[in-house]
Amino acid sequence: MNTHSPTLPQAPAVARPGRFHMFLGMVWLSVWMGNFLRPVFELLPVSPYYIMTALYVPYFLFLRLGDVFRVVLRPMFAIWFLTAAIPLLVYVGYGGGEHAYFEVRTRITYFSAVAGSAVLLASHAPKRTLQLSAAFVLVVSALVNLGEMVLPFQLSEAPGRAAGFHQNPNASAGVLIAALLVALDFRRQSFRGLVLATIGTLGVLVTFSRHGSAFVGLIWLSYLLGARGHAREALSIPTRFFTLLSGVFVAIIGIWALLNVFDLHSEALLRVQSLIGLDIADSAAQGRLENANVGLQLFLENMWTGLGIGSHDYLEIETHNTFLKLGIDYGVSGMLVLLLILAATSLSALRYGIWRSSSVTLLSVFFVYEALFSQTLEHNLAFACVFGALLSRALVAEEDPYDEAAPASRPNDAFGTTDDWNRLP
């Protein structure tokens, strides 16, 4: 009689990730996504971004040159390179004053942040590095926002609204949402995920950003209702709906408390009331609509060439729309480049399958949504870090250990096998 137990299948050996490389990646991503150097910005003779980049460049060139070439050879890298090279060439050829210089500097800085993030996430457990960094940024930023509402310190430029190190409440909400989309695993639920989602939601709500608060609802729906997998790796259907209904109940109680118990600033109170009533008749919403209309008219009058680099800032037009901002400066070509980048983000979800790259799918939706309501998408370094992660495919590069269909190759897949897609640029 054979007394030996059957041999259990063993997971393939995985190379131990470079801890030092992961540490450097987490420092880079956390600092720029969280804008944690903002408090010392005014104390330094130059921007802290230049100092930190100068420290990382030797590491890239001497120790990570293979990763540099891996990123440079990707087709989307050429598009990102042109977003900095073309404005620089135009500025060198035609000049344009202080506002043009600021725009060119922003384009170069943004591109370098995208490229640096992509190189740091090109190897050595990129998804884990990215998700740990996003979770850290999410928790710290949300706690600072909450502290700003209850403690006697003010970082926000808008009274009565929290913004943390980003100073702008809407920018803070956008960064928290991007970090939450990266930190969560939408293919399964976990206690850690629920805690992160709750902390991130509270951080967004105290910014009183209307478009940010609305998108948080979509995140909760996606997280609670979209997961699949083995029963032990996902909440049961009744538990999901109970959690969702409990959240709605808590939200109702919280809104009632905000309107009747807490002494909110008039601007914050107005935003809560307008969001509940879906009312856009308040002065803030009407001001946005008027500025957007002015921006649209300027774009239509100069559709093909735009008004020139930096014109949006020179004319002091707050369109709160990234498409219009780029259209005013660069014409229709600026809009098309942004659309191309966003389309490439969406197509990457199809390349790997919408389920496997669910975070990429939601990020692509959020970027379009954010571009419609904000003009910070194209200059906030937090978004540059996320674009760098998408360039390096950090969110889809690793196999999902919780997917029921985890084999590396699926011959019956209508889109081809996973190995086939991995060989594409």
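The values are calculated or read from the model by the stated rules, or taken from the named source; none is laboratory data. None of these values were measured; they are calculated from a predicted model. Using ideal geometry, Cβ is built from the backbone for each residue, glycine included, and neighbour counts are taken over all protein chains shown. All accessible areas refer to the heavy atoms of the entire protein, side chains included, with ligands and DNA or RNA removed. Shrake-Rupley method; radii C 1.70, N 1.55, O 1.52, S 1.80 Å.
Miscellaneous remarks
- Just one residue in the set Ile79, Ile108, Ile86 is within 23 Å of Val332 (Cα to Cα) and free of Cβ contacts under 8 Å to residues at least 24 places away in the same chain; that residue is Ile86.
- Selected residue (criterion: farthest from Phe102 (Cα to Cα)) from residues of the range 298-311 that are touching a residue at least 60 places away in the same chain (Cβ under 8 Å) and buried (at least 21 other Cβ atoms within 10 Å of the Cβ): Gly308
- Taking the criterion of being of a type in the set (S, T, N, Q) and open to solvent by 10 Å² or more (accessible area, probe 1.4 Å), the residues of the range 142-188 that qualify are Gln154, Ser156, Gln167, Asn168, Asn170.
- Looking only at the range 98-116, and only at residues there that are in contact with a Phe, Trp or Tyr (Cβ under 9 Å, 6 or more places away or on another chain) and open to solvent by 40 Å² or more (accessible area, probe 1.4 Å), the one that is farthest from Leu342 (Cα to Cα): Glu98
- Any hit, the range 384-395, residues being open to solvent by 20 Å² or more (accessible area, probe 1.4 Å) and modelled with pLDDT under 85: yes
- At least 3 residues being free of Cβ contacts under 8 Å to residues at least 24 places away in the same chain, β-branched (Val, Ile, Thr) and more than 22 Å from Thr322 (Cα to Cα) is the threshold, and among the helices (runs of 4 or more DSSP H) wholly inside the range 113-221 those reaching it are 191-205.
- Test: residue in the range 49-56 that is under 25 Å from His312 (Cα atoms), surrounded by 14 or more Cβ atoms within 10 Å (Cβ to Cβ) and without any contact (Cβ under 8 Å) to a residue 24 or more places away in the chain: no
- Where a residue in the range 276-297 is at pLDDT below 70 and in a helix (DSSP H, G or I) and its partner, wherever it lies, is open to solvent by less than 90 Å² (accessible area, probe 1.4 Å) and among the polar types (S, T, N, Q), with Cβ under 6 Å and at least six apart: none
- When we screen Pro6, Pro39, Pro45, Pro12 for residues that are at pLDDT below 90, in a loop (DSSP other than H, G, I, E, B), under 29 Å from Thr376 (Cβ atoms) and open to solvent by 50 Å² or more (accessible area, probe 1.4 Å), the only hit is Pro45.
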